[in-house]
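**Student:** Mind looking over this structure? Questions follow.
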Amino acid sequence: MKDNRIHTSKYSILTFLPINLFEQFQRVANAYFLFLLILQLIPEISSLTWFTTIVPLVLVVTMTAVKDATDDYFRHKSDNQVNNRQSEVLIDSKLQNEKWMNVKVGDIIKLENNQFVAADLLLLSSSEPHGLCYIETAELDGETNLKVRHALSVTSELGADISRLAKFDGIVVCEAPNNKLDKFTGVLSWNGSKHSLNNEKIILRGCVLRNTSWCFGMVIFAGPDTKLMQNSGKTKFKRTSIDRLMNTLVLWIFGFLICLGTILAIGNSIWENQVGDQFRTFLFSNEREKNSVFSGFLTFWSYIIILNTVVPISLYVSVEVIRLGHSYFINWDRKMYYSRKATPAEARTTTLNEELGQIEYVFSDKTGTLTQNIMTFKKCSINGRIYGEVCDDWGQKTDMTKKKETMGFSVSPQADRTFQFFDHHLMESIELGDPKVHEFLRLLALCHTVMSEENSAGELIYQVQSPDEGALVTAAKNLGFIFKSRTPETITIEELGTLVTYQLLAFLDFNNFRKRMSVIVRNPEGQIKLYSKGADTILFERLHPSNEDLLTLTSDHLSEFAGEGLRTLAIAYRDLDDKYFREWHKMLEDANTTTDERDERIAGLYEEIERDLMLLGATAVEDKLQDGVIETVTSLSLANIKIWVLTGDKQETAINIGYACNMLTDDMNDVFIIAGNTATEVREELRKAKENLFGRNRSFSNGHVVFEKKQSLELDSVVEETVTGDYALIINGHSLAYALESDVKNDLLELACMCKTVVCCRVTPLQKAQVVELVKKYRNAVTLAIGDGANDVSMIKSAHIGVGISGQEGLQAVLASDYSFAQFRYLQRLLLVHGRWSYVRMCKFLCYFFYKNFAFTLVHFWFGFFCGFSAQTVYDQWFITLFNIVYTSLPVLAMGIFDQIALDTSYWTVINHVFIWGSIATYFSILFTMHSNDIFGIFPNQFPFVGNARHSLTQKCIWLVILLTTVASVMPVVAFRFLKVDLFPTLSDQIRQWQKAQKKARPLRTRKPQTRRSSSRRSGYAFAHQEGYGELITSGKNMRAKNPPPMSGLEKTLYNSTSWIENLCKKTTDTVSSFSQDKTVKL
Amino acid sequence: MAMNYNAKDEVDGGPPCPPGGTAKTRRPDNTAFKQQRLPAWQPILTAGTVLPTFFIIGLIFIPIGIGIFVTSNNIREIEIDYTGTDPSSPCYKCLSPNVTPCICTINFTLDQSFEGNVFMYYGLSNFYQNHRRYVKSRDDGQLNGDPSALLNPSKECEPYRRNEDKPIAPCGAIANSMFNDTLELFQVGNASDLMPITLKKKGIAWWTDKNVKFRNPPGTDPLEERFKGTTKPVNWVKPVYMLDSDEDNNGFINEDFIVWMRTAALPTFRKLYRLIERKNDLHPTLPAGRYYLNITYIILNTLHVLFISSIVNHLHTVDKNTGTWSL
């Protein structure tokens, strides 16, 4: 039996040393130094003593090991934390608290409201009627809509009966563990009968139970088999491009080293042959047998040892230290600290900083990353008048802010304090009793699928299935039309203080074809009314002709709302004739009882009654963006960083957010939507889009046909460069699955990379990762993925850099990430400041480092020509040992860590001074110590330098030479640079000029948070709604048992009460499949 | 401090937290160091800074150049090649292996008198004192008078570590190949008489070498006793304790030996051989005139003869009236 323990750690105490050492010596550099060490132990070759290599090597290996150990320790800790979470497990007919890790497949677990699910469960029963339970899957797919799961009716009867549950002995035969979040097939055999299982009966690990006081479930998959873990992908060791560059460089330098060695070895052979023959008598009294070729061979290795300082081991240590320093700066940055959640930014991986400066693609999650997942009722247009907008003193329209005096919602005692909709005009209209306004608000209070509940304090709690509806109902509530309660056939609202109960006659549910929902109610006066809300494009077609003027006005308003990135809905009603309704209702009943073409007939009837509507107005709900998202997106795209949005959310929502944060604009030449449902369709759509793109493009470059033909071989790259204009690509998860197949993959990539913005919606976590992989693999670009939920984990892991949004409930994204911070806007600072600095610093550091080591080491090459190629060093071995790790490491490090770029000029702080002068002082103190009488007295053979420093440094000519060399080396460079800046200013010099000029002009631009787009007729319609809730409501299945739904005759005939769940399931799958045909939005 | 990045809209993350809790402690410190706002110097190369710098450096270098030029002009130096490769050279005879020891005389003329202290250097060409195997072939412990190292020299000295089962003192290739010529200088007087010039052999080595680094084996016995149990280097004619009659310049602390042991960095080098001190202010140290140089060309080993022939020996006499040049 598998238990539920998860492992993300790499080592245990016993395996740490061997595995870690093995891993470390797999690194080329470490292995190389080990090899050098062995060489140095051979006396014939050894040109340097062994400690010159072993000291730094041990240092490096130890440091890395300590770092790895700490990292792994923290992984163990977080594993333990998760593994030790408590859950209630049914053991020996009793509920007992058990750690998560001890939960086994087959265990029965009791979950309570708002608890995380410990493993993949088969739902058995719940506190809600019919074994229903609500879950939030944000951690898995980023969707915050509540989802319904329901137990098999046979198991839901078990209820909370512990004894019966304990005896539960059903056998589940199901698919092997996999990473598909929305599919499950299995069969439960229990009590001699078989019940088929699907995804609706399964609660996955990582979900949170909501609005359900308890439920029981049986563990099907545990630990690594859970879909969450299966989706999390493999942790890969991430390397930066500098790492790769460094490895290549090091390889080249090895090659260079071997060349030098060979030259010197040949030199040695020749020397031995011609000069050494005579000199050799001084070395070996009688050794005539030495032959020059063999001597050359040995010399080669000796020189390899001496010249190894061109690739000093301290390079790797220094690079690590610099990165660590940069990471600390990220952690310390107050500008990336989010005080509301007390969350500082954190560099969780310290080895990737400079890669931040090279990001070309950013893959962003939507919910929780770009948006706050808070819907606020922003504006509305009622009867041709906009509310929710005021003019400030300068006549500019601004959104309401807190500085405006909060309105006393005298009419509504239940008003939320947080409600931020202030418009005196609307309040006046309500108080004056404007019938249209009242009707508008009444509609908002009536036409929805929200469930209400009063908590112990008497406050109304709305259970919302879609946050948009929540916002609308709450808005109505705050404006005096309070939705109080509902039964399957009544809705009770409080209208400006008076309770009114409406009879719910019919519920015309939402679906993706209809894009609207309606209710038909009878008010206490006996009037029958149809209230409808939906996408403007749909509703406007169904209006009564008398609405024409209002329609023009409202659609102007809608465009305005949409232009601001608000999610809009049109609102309309219809007075129904009693007789007409009765007839219609009878037809609906008939339709419901028929078996063939039932859905079509019902849909036809809905169409029939939802016409001649009277327009009331429109609502605009803001899917609140995180602070600063627009600015960040703008500046990132100015930096030529492409942002792709990958979201599990719906297409409309995703597009809407795209517009809201300026990724999609109306100025774009074209927005391609790929939503095909089959491979052929997708291929066709891709082809069309490409044709469209290239077609237009060709028309631009007609004059260059000949030129183009010539270069037809490089057409791809040429075209890519020449695509003008902005394009956007929106692709659906289903289509993406086909598009990611190998033969269309390249088409997709080519198309996507030419688009300024790419939005992928309805994608699974794995698809997110696949998209990232695709770009990574075929574009050779540096990618960054940012997200907040467990559904982003695989994408975070597969991108070069993963960023997690911290300060949220779930930790998975953060745990998998390389960097974490609380707000999307910090990405700007992370990439454009820290990333850029790190990159520039690292480059400078590498140049400086290689320069100093080449300067240091090549001396030995030239000296070879004077010492008979005998591998004699110029410096003593202590100097060689200490040169890199003590004498010269700090100034270079200081530059690598603290340098800031302001266009080509360096940045000298007190730290640089301390390190440079400190290093010089260290050099002299060590020098004088090593050359002192005392140390010679103790170790005459190791320190035979006594008196050297004293005698040489008292020579005036030494100082003169130092002075002359310094001046002679520095001055030409200074002169050259000065002349270059003066005579041939570079781009950055010009930018510096430009910056000066801009400083004056800047204040004008800064206070314009949202540039108003030219509002084309784009519908901002987006609505997070799922079909099927209408049936739940009208059937009363989701109502609490305490107020049992009185079953009316109407109800019974309308809905076959046993089949509602099947209907729900079917509709849900319909939603999914219908989605792909839902192309009308933009194309 | 010009910064590329403008942090206009990034205030420190919203309003401060309510007091208490961990909020306060998690906010990064607002120090110049942690926020990377340390005051910095950013050199920008403009005409205003570069040209004056060049000018000032030029000004500084004028006196330095004058100083160097004057010093260099005041140096008198002559160079005498006594290798004897040329058959007309008096030392040609010494190249033949069977003349041991060989004495040859070279005469030369000084056109100008040498006023200050005079330094005599010997120079060798193509002698690879910087060869790795040569450089390491010594035992500093032994040279420092360590009794154990005296009788058991370091392995680095191989193959000049032991000879005939006795440890060699001083061991190693450097000591073995020590420069061993004797040079004497005579002034030719008015009556063609030869007046010997006093050559000072002490004071040519570093003080630290003579007093710290090189020491004879401890004891009060005569030097010969203290070196008992050791044998002379293979190429030497006499053992180390017989290098000089002066007790203070004998054994390991013989200054000729010390000078030789400080190996040269390049294959063509010169080493200080003798000093000629100025006697008084009235007479120049070496007046203009004719001189005889008497060379005892000591052939150490028949095998070496061939090799020594390729060595070019010079006599350098440097007038040191400014005191700038000394080894």
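Values in this text are rule-based calculations from the coordinates and carry no lab data. Keep in mind the model is a prediction, meaning the values are calculated, not measured. Counting neighbours? That spans all protein chains shown, and the Cβs are built from the backbone with ideal geometry, glycine included.
**Student:** Using the Cβ atoms and a cut-off under 10 Å, what net charge is assigned to the surroundings of residue A:242, where Lys and Arg are +1 and Asp and Glu are -1?
**Tutor:** Working: positive: A:239, A:244, A:323; negative: A:243, A:354, A:355.
Residues close to residue A:242 contribute a combined charge of 0.
**Student:** Using a 10 Å cut-off around each Cβ, can you sort A:909, B:296 from fewest to most neighbouring Cβ atoms?
**Tutor:** Values: A:909 21, B:296 14.
Result, fewest neighbours first: B:296, A:909.
**Student:** What shape does the range B:70-165 have by the C-alpha gyration tensor, where a ≥ b ≥ c are the square roots of the eigenvalues, rounded means a/c under 1.5, and otherwise prolate means a/b greater than b/c and oblate the rest?
**Tutor:** Details: a/c = 2.83, a/b = 1.62, b/c = 1.75.
It is oblate, given that a/c is not under 1.5 and a/b is not larger than b/c.
**Student:** Same structure, new question: Need one word for the range A:172-215: rounded, prolate or oblate. Basis is the Cα gyration tensor (sqrt eigenvalues a ≥ b ≥ c); a/c below 1.5 gives rounded, then a/b vs b/c decides. Walk me through the numbers on the way to the answer.
**Tutor:** On the way: a/c = 2.86, a/b = 1.31, b/c = 2.18.
The shape class here is oblate.
**Student:** Once amide H atoms are placed 1.01 Å from N in the peptide plane, what residues at a sequence separation of 5 or more from residue A:500, or on another chain, have their amide H within under 5 Å of its amide H?
**Tutor:** Close amide H contacts, sequence-distant or interchain: A:493, A:494, A:495.
**Student:** Okay, moving on. In the structure shown, do any of A:642/A:844; A:335/A:768; B:166/B:238; B:93/B:238 have a Cα-Cα gap over 22 Å, and if so which? Present the calculation step by step, with values, prior to reporting the outcome.
**Tutor:** Numbers: A:642/A:844 27 Å; A:335/A:768 30 Å; B:166/B:238 16 Å; B:93/B:238 24 Å.
The pairs that break the limit, which is 22 Å between Cα atoms, are A:642/A:844; A:335/A:768; B:93/B:238.
**Student:** Based on other C-beta atoms within 10 Å, arrange A:889, A:456, B:113 from fewest to most. Could the numbers behind the result be given before it?
**Tutor:** Working: A:889 22, A:456 5, B:113 14.
Arranged by neighbour count, lowest to highest, A:889, A:456, B:113 become A:456, B:113, A:889.
**Student:** Between the alpha-carbon centers of the range A:630-660 and the range A:781-845, tell me the distance in whole angstrom.
**Tutor:** What the calculation gives is 16 Å, centre to centre.
**Student:** At R0 = 35 Å, how high is the FRET efficiency between residue A:162 and residue A:84 if r is their beta carbon distance? Nearest 0.05 is fine.
**Tutor:** With a Förster radius of 35 Å, E is 0.90.
**Student:** Find how many whole Å separate the alpha carbon centroid of the range A:36-98 from the alpha carbon centroid of the range A:537-564.
**Tutor:** Rounded to whole Å, the Cα centres lie 65 Å apart.
**Student:** Can you check what the net charge comes to around residue A:483, using other residues whose Cβ is under 11 Å from the Cβ of residue A:483 (Lys, Arg +1; Asp, Glu -1)?
**Tutor:** Working: positive: A:442, A:477, A:484, A:486; negative: A:469, A:494, A:495.
Around residue A:483, the surrounding residues sum to +1.
**Student:** For the range A:840-987, what does the relative contact order come out to in percent, with C-alpha contacts under 8 Å and a separation of six or more?
**Tutor:** Details: 81 pairs, mean separation 22.7, N = 148.
Averaging sequence separation for qualifying contacts and normalising by length gives 15 percent for the range A:840-987.
**Student:** Right, here's the next one. Hey, got the average number of other protein chain Cβ atoms within 10 angstrom for residues in A:827-835? List each step's numbers first, then the result.
**Tutor:** Values: counts 0, 4, 3, 0, 0, 3, 7, 2, 0.
Taking all residues of A:827-835 together, the mean is 2.
**Student:** Within the set A:533/A:690; A:756/A:980; A:515/A:776; B:210/B:232, which residue pairs have Cα atoms separated by over 28 Å?
**Tutor:** Values: A:533/A:690 37 Å; A:756/A:980 37 Å; A:515/A:776 38 Å; B:210/B:232 21 Å.
Flagged as over cut-off: A:533/A:690; A:756/A:980; A:515/A:776.
**Student:** What list of ³J(HN,Hα) values in whole Hz, one per residue of the range A:561-573 in order, does the Karplus curve 6.51 cos²θ - 1.76 cosθ + 1.60 (θ = phi - 60°) give from phi, with Gly and Pro shown as x?
**Tutor:** 4, 4, x, 8, x, 8, 8, 10, 9, 9, 10, 8, 9
**Student:** Once phi is turned into ³J(HN,Hα) by the Karplus curve 6.51 cos²θ - 1.76 cosθ + 1.60 with θ = phi - 60°, what whole-Hz value does each residue of the range A:950-957 show in order, with x for glycine and proline?
**Tutor:** Once rounded to whole Hz, the list reads 4, 6, 6, 6, 7, 6, 5, 5.
**Student:** Counting other beta carbons within 10 Å of each residue's own, what order do A:303, B:291 fall into, fewest first?
**Tutor:** On the way: A:303 28, B:291 22.
So the ranking, lowest neighbour count to highest, is B:291, A:303.
**Student:** With θ set to phi - 60°, apply the Karplus curve 6.51 cos²θ - 1.76 cosθ + 1.60 along the range A:620-630 and write out the HN-Hα couplings as whole Hz, x wherever there is a Gly or Pro.
**Tutor:** Result, rounded to whole Hz: 10, 10, 9, 7, 4, 6, 5, 4, x, 5, 5.
**Student:** Around residue A:81, under 13 Å between beta carbons, what's the net of Lys plus Arg minus Asp minus Glu among the other residues?
**Tutor:** On the way: positive: A:5, A:75, A:77, A:85, A:99; negative: A:79.
Within the 13 Å Cβ shell, the charges total +4.
**Student:** Expected output is a single nm value to one decimal: the length gained when fully extending between residue B:29 and residue B:283, i.e. 0.36 nm times separation in residues minus the C-alpha distance. What is it? Can you show the working numbers first?
**Tutor:** Working: separation 254, 0.36 × 254 = 91.44 nm, distance 7.78 nm.
Gain on stretching residue B:29 to residue B:283: 83.7 nm.
**Student:** Now for a different question. Along the Cα→Cβ direction, 7 angstrom out, place labels at residue A:747 and residue A:73. What is the inter-label distance in nm?
**Tutor:** 5.5 nm
**Student:** Quick query: amide H of residue A:674 versus all other amide H atoms, modeled in the peptide plane; which residues come in under 5 Å with a sequence gap of 5 or more or a different chain?
**Tutor:** Residues meeting the amide H criterion: A:730, A:731, A:732.
**Student:** Additional query: Let me know the mean shielding of B:31-38 by other chains, meaning the per-residue number of their Cβ atoms within 10 Å of its Cβ.
**Tutor:** Values: counts 2, 2, 6, 6, 5, 11, 2, 8.
That works out to 5 on average.
**Student:** If R₀ is 22 angstrom, what is the calculated FRET efficiency for the pair residue B:125 and residue B:57, using the beta carbon separation as r and rounding to 0.05?
**Tutor:** Working: r = 38 Å, r/R0 = 1.74.
So the FRET efficiency works out to roughly 0.05.
**Student:** Which of the peptides B:121-131, B:201-211 is most tightly packed, and how do the rest follow, going by the mean number of other Cβ atoms within 10 Å of each residue?
**Tutor:** B:121-131, B:201-211
**Student:** Set the Förster radius R0 to 41 Å, insert the Cβ-Cβ distance between residue B:151 and residue A:865 as r into 1/(1 + (r/R0)^6), and round the FRET efficiency to 0.05.
**Tutor:** The pair residue B:151/residue A:865 has a calculated efficiency of 0.55.
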